[in-house]
Amino acid sequence: MEKFVQNNPFAQPSGTSPYVGIATFAGYPFWDIQSRADAAILGVPYDEGCSNKPGTRFGPRSIRQASMLYAYEGVEERFYDADRRKWILRGKNIVDAGDVDIEPLCRERNFDAITGAVSAILNKGAVPAVLGGDHSITYPVVKAFSGRKIHYVHFDTHVDCDRIFKSEYTHGSPVARILEDGLAESITLLGIRGLANSGNDVEWIQQQGAKIVTARELKQTRLESLAELFAEGDYYISVDIDVFDPTAAPGTGTPEPGGLLFPEFSDLIYLIARRGNILGFDIMEVNPQVDGPGDITSHLASRCVIELLSCALD
Ligand SMILES: [Mn+2]
């Protein structure tokens with residue numbers, strides 16, 4: 001009878017049923033920190049920086065759950081991208097590093113733990129793939145890249161350089177913190193739109209040298225002519241799920257009409273990957289508490305992670 005009891009709940013799925021077992025990202029194995037990995041998924045269930053609807057602390061768990069849709073087959077058979085008619089991530093060693101241990105109301109301690117966990121992944125030569133959480137945590141994540149001369153690309157409805165709130169560490173200000181600390185060679189903000197941006201912030205961040213391409217501009221510009229935006233070099237890509245249109249991503253705290261759809265996003269990150277190396281990335285602001293039927297926001301986020309993994313590793 002004992003043969004029917006799994007000794008290791010994180011054992012590689014046999015390749016038939018995505019609903020069996022404890023969810024890791026897409027059923028990838030839990031990380032044994034001594035072993036080599038090409039990329040490591042890291043959850044950061046922190047949402048104390050949120051200024052509107054809370055709940056993104058449940059984002060990592062929800063994205064993992066949705067990502068099990070892609071665990072039908074064993075890792076050797078993954079993945080065939082039927083849309084691009086090619087194999088992606090074949091032979092890549094991807095692991096799930098679990099979550100950063102978050103303590104309520106300990107912002108400094110939590111940010112240090114986040115920087116530490118990302119540094120541990122980088123020190124092993126792996127690409128960190130971070131699941132948020134609210135967008136404030138991109139700042140401690142990017143801190144782990146200090147000294148690496150990264151180009152920082154920020155997909156978001158909002159410019160995230162708020163200078164109104166008394167706290168400097170809300171989900172509305174990671175871009176300002178990254179800029180001030182000199183963590184990025186360049187800053188490019190993509191998909192900006194809507195009425196929830198302060199006009200003063202939009203003008204200020206451009207005066208600091210950041211490039212902005214609005215959602216409407218992205219839709220109306222030929223992809224090839226956007227290539228010159230991206231210098232050759234190393235990249236960190238941060239994705240606020242609210243860059244997508246709310247019809248595609250309703251499960252987020254600050255939705256705004258007029259956003260991107262998945263093929264547009266996919267083409268943009270492929271374009272960036274053609275110009276440079278993606279050293280790390282995050283998907284932030286998925287809030288399953290306000291998601292639509294079918295958990296579509298978590299499903300979209302999990303698909304974005306796989307797309308970004310492919311751009312970073314293939
Ligand atoms: Mn944001």
Q. Among 138, 123, 196, which residue has its Cα positioned farthest towards the positive end of the charge dipole of the range 122-245, with +1 placed on the Cβ of Lys and Arg, -1 on the Cβ of Asp and Glu, and the dipole taken about the Cα centre?
A. 123
**Q.** Inter-centroid distance (Cα atoms) of the range 247-265 relative to the range 123-192, Å
**A.** 20
Q) Expressed as a whole percentage, what fraction of the accessible surface of the range 2-313 belongs to carbon and sulfur atoms when a 1.4 Å probe is rolled over the protein heavy atoms? A) 49
Q) How far is the Cα center of the range 42-64 from the Cα center of the range 79-94, in Å? A) 28
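Once you have the Cα-Cα distance between residue 17 and residue 267, take 0.36 nm times their residue separation minus that, and quote the gain in nm to one decimal. Mind dumping the intermediate values first?
Numbers: separation 250, 0.36 × 250 = 90.00 nm, distance 3.06 nm.
Contour length minus the Cα-Cα distance gives 86.9 nm.
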Q. If each of residue 83 and residue 208 carries a label point 7 Å out from its Cα toward its Cβ, how far apart are those two points in nm?
A. 3.2
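Give me the accessible area per residue for the chain, probe 1.4 Å, as a whole number in Å². Write out the running numbers ahead of the final one.
Details: 14140 Å² over 314 residues.
Here the residues of the chain average 45 Å² of exposed surface.
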Q: May I ask you to derive the relative contact order of the chain, considering only C-alpha pairs under 8 Å and at least 6 residues apart, and to give it as an integer percent?
A: 20
Q. Residue separation times 0.36 nm, minus the C-alpha to C-alpha distance between residue 227 and residue 35: what's the value?
A. 65.5 nm
**Q.** Cα→Cβ-extended label distance, 7 Å offset, between residue 93 and residue 166, nm
**A.** 5.0
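Calculate the dipole size of the chain relative to its Cα centre from +1 charges on Lys and Arg beta carbons and -1 charges on Asp and Glu beta carbons; express the result in debye to the nearest 20. Each step should come with its number before you reach the end.
On the way: 29 positive and 43 negative charges, 102 e Å.
It works out to roughly 480 debye.
Total Lys pairs in the chain closer than 20 Å by alpha-carbon, pairs eight or more apart in sequence or interchain only? Spell out each step's value before the answer.
Details: 53/166; 92/124; 124/143; 124/149; 149/211; 211/219.
Taking the chain as the scope, the lysine pair count is 6.
The values are calculated or read from the model by the stated rules, or taken from the named source; none is laboratory data. Keep in mind that what you see is a predicted model, and the values were worked out from it rather than measured. Neighbour counts are summed over all protein chains in view; Cβ atoms, including those assigned to glycine, are modelled from backbone coordinates with ideal geometry. Heads up: the accessible areas ignore ligands, DNA and RNA and are worked out on the full protein's heavy atoms, side chains in. Shrake-Rupley method; radii C 1.70, N 1.55, O 1.52, S 1.80 Å.
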